Structure formats: C-alpha cells, structure tokens
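No value in this document is a laboratory result; all are computed from the given coordinates. Treat the numbers as computed from the prediction; the structure is a model and nothing was measured. Cβ sites come from the backbone with ideal geometry, for glycine too, and all protein chains shown count toward neighbours.
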Amino acid sequence: MTLDLSWRDLAAVWGAALSTLLVLAKLLPSKPTFHFEPGEKPITDLTIRIINPSKSMCLVRELFRLQLGGPQRALGVYTGRTPLEEAGVPGALLIFIRGEEERAVMINCIINQDVGENNRWLVCFGWQGAWVIPLWLPVPVYISTKRAIRLNTAL
C-alpha cells in the first residue's frame, strides 16, 4: 500500500492545521505580565504590577511560596484591599483583573531592619483567564531583598 500525496493534499493538511491553531489562539487567553517597580517606604519593599493584556477578565492568586535562603521567615504579599491579618498568609491573595487593566501587588520583603541579609523567595502566582481552560496556570516570580534594594536605590 503506497501513499500518493500531491501538493494539493499537503496544502489541505497545512490549511487545516493553520486554521486550527488560529482558532485556538483566539480562544486561549493571553498570559498576564508581571513587572517589578520600587516599593513605597522601606528600601526593601517591592511592587509587582500585574497587567492583563487580554480583553476578558483574569483571576490571579498566590499558589505557594518557597523560601530559598535567608533567616527572615515572613513575606508580606498584599494589595490595598487585603485585610491586615491576611497580608503575610501564604495563598491568601486572590485578585480579579478586568480586561486590559492592571493591578498592583505590594511585597514587604523584610520586617525587621536587618538590611544586610539576603532573603530570597520563589512565589508562584497562578492565573486563570477563560472558561476554556479551568486550570490555574503557574507564573513563578523570584523575589530577593538584594534585588529590591538595587531597584529602589537605582530610582
């Protein structure tokens, strides 16, 4: 049994694959972007601006965090509306971002004034955009006090 393919058969397969990919690209939401900015008061604070580029709404939540080094055990991840008792609780952050808008998430890297230590965390945010994929897709973010100090002193 031999398979005789002409250029028309290959063009039909190519067109079907391309149109399937274009439809999937329209249905799947675009991933939110995470940008670091300087914090408000202390030199070790950071602000992460989460931008939703898609036209539909997006949910962003903190899935988990890992401490990679340093003696500081607490890390404050909060927004302006987070209750005070939930500011440092892992997994308590849940943000609703409308289409083509942005939200700011504040990070308090250090609670005491020991600026010389290098405290490092890997915070994994998850985002869920549309009804097509009802899963939380992960976005890891690396946070360190040295990076925060460099960013705040540079500006």
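For Phe64, the residues whose modelled amide H falls within less than 5 Å of its own, excluding neighbours fewer than 5 places apart on the same chain, are Cys124.
The dipole here belongs to the chain: it is taken about the Cα centre, uses +1 on the Cβ of Lys and Arg and -1 on the Cβ of Asp and Glu, and is about 80 debye.
Taking each residue as 0.36 nm, the span from Leu5 to Thr20 lengthens on full extension beyond its C-alpha to C-alpha distance by 3.3 nm.
Rounded to the nearest 10 degrees, the inclination of helix 7-27 to the longest alpha-carbon principal axis of the chain is 30 degrees.
Straight-distance candidates among the lysines for linking to Lys26, with alpha-carbon spacing under 27 Å and chain neighbours fewer than 8 residues away dropped: Lys55. Between Thr79 and Val13, the C-beta separation translates, for a Förster distance of 41 Å, into a calculated FRET efficiency of about 0.25. Our coupling estimate for the range 84-89, obtained by passing each phi through the Karplus curve with A = 6.51, B = -1.76, C = 1.60 and θ = phi - 60°, is 4, 6, 9, 5, x, 7 Hz, Gly and Pro reported as x.
For Lys41, the lysines whose Cα falls under 28 Å of its own Cα, not counting residues fewer than eight places away in the same chain, are Lys146.
Would you compute, from DSSP H runs of 4+ residues alone, the mean residue ellipticity of the chain at 222 nm, taking -39500 (n - 2.57) per run and dividing by the full residue count, rounded to the nearest 500?
Values: 2 runs with 31 residues, N = 155.
When only DSSP H runs of four or more count, the value is -6500 deg cm²/dmol.
For the range 63-74, putting each phi into the Karplus relation 6.51 cos²θ - 1.76 cosθ + 1.60 with θ = phi - 60° gives couplings of 7, 7, 9, 10, 8, 8, x, x, x, 6, 8, 9 Hz, in residue order, rounded to whole numbers and with x for Gly and Pro. Distances between placed amide hydrogens fall under 5 Å for Met57 paired with Gly99, all partners being 5 or more residues away or on another chain.
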